[in-house]
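Read through the structure below, which is laid out as structure tokens, and then see the notes.
The values are calculated or read from the model by the stated rules, or taken from the named source; none is laboratory data. Note that the structure is a prediction, hence the values are computed from the model and not measured. Methodologically, a virtual Cβ is constructed for each residue, glycine included, from the backbone with ideal geometry; neighbour enumeration extends over all protein chains shown. What goes into the accessible areas is simple: the full protein's heavy atoms, side chains included, and nothing from ligands, DNA or RNA. Shrake-Rupley method; radii C 1.70, N 1.55, O 1.52, S 1.80 Å.
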Amino acid sequence: DDRLMTFRTNLADGITQDGWTIGDITGRIQDIQPNLSRSEAETIARSETSSAVNTARESAYREQDMADEKYAWVGGLDDRTTEACRWLIEKTNPRHGGEPVSLDRLKELIDEAPSHDPDMPDDLARPDNFVIHPNERKTFTRQVDF
């Protein structure tokens with residue numbers, strides 16, 4: 001509908017500007033949906049910007065014929081890290097004992113990740129967008145051997 005298109009346009013406009021922040025995107029979302037709390041709008045902002053940035057990163061790798069290179073799930077491990085993200089980091093990130101995988105395999109593991117978190121519904125992941133759950137703070141990166 002019109003609100004969804006407005007949201008998508010505002011999101012795209014926001015993340016293509018230099019120096020954007022999650023706070024900026026959160027404000028744009030609240031402008032469109034003023035009934036959302038700041039926390040709800042921030043969850044949407046973080047989830048959707050993560051989705052957009054990760055999808056763009058995947059497109060760039062695929063355009064360069066790098067889909068079969070090796071990739072790892074990355075991000076800080078802290079008290080806000082879900083068990084699903086922790087599992088995927090430990091599964092794919094060599095700094096945490098994991099083995100990097102192809103982009104297609106990473107999507108399969110993202111789809112599986114919620115099943116390794118007892119506090120998360122199993123159908124929450126959006127593997128096509130490299131998002132395990134709402135408010136995603138983690139991402140993926142290509143692993144390079146030196």
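Hey, any hits in region 23-43 for a residue that's open to solvent by less than 40 Å² (accessible area, probe 1.4 Å), under 24 Å from Asp128 (Cβ atoms), of a type outside the set (Lys, Arg) and in contact with a strand residue (DSSP E or B) (Cβ under 7 Å, 6 or more places away or on another chain)? No, every residue in region 23-43 fails to be open to solvent by less than 40 Å² (accessible area, probe 1.4 Å), under 24 Å from Asp128 (Cβ atoms), of a type outside the set (Lys, Arg) and in contact with a strand residue (DSSP E or B) (Cβ under 7 Å, 6 or more places away or on another chain). Every condition in (1) among the acidic types (Asp, Glu); (2) in a helix (DSSP H, G or I); (3) at pLDDT 90 or above holds for Asp31 except the one numbered (3).
If you scan region 80-99, which residues turn out to be in a loop (DSSP other than H, G, I, E, B), within 18 Å of Pro134 (Cβ to Cβ) and open to solvent by 80 Å² or more (accessible area, probe 1.4 Å)? Explain how you work it out, then say what you get.
If we filter region 80-99 for residues that are in a loop (DSSP other than H, G, I, E, B), which is where we start, we get 80-82, 93, 97-99.
Of the ones still in play, those that are also within 18 Å of Pro134 (Cβ to Cβ) are 80-82.
Within region 80-99, just Arg80 meets the criteria.
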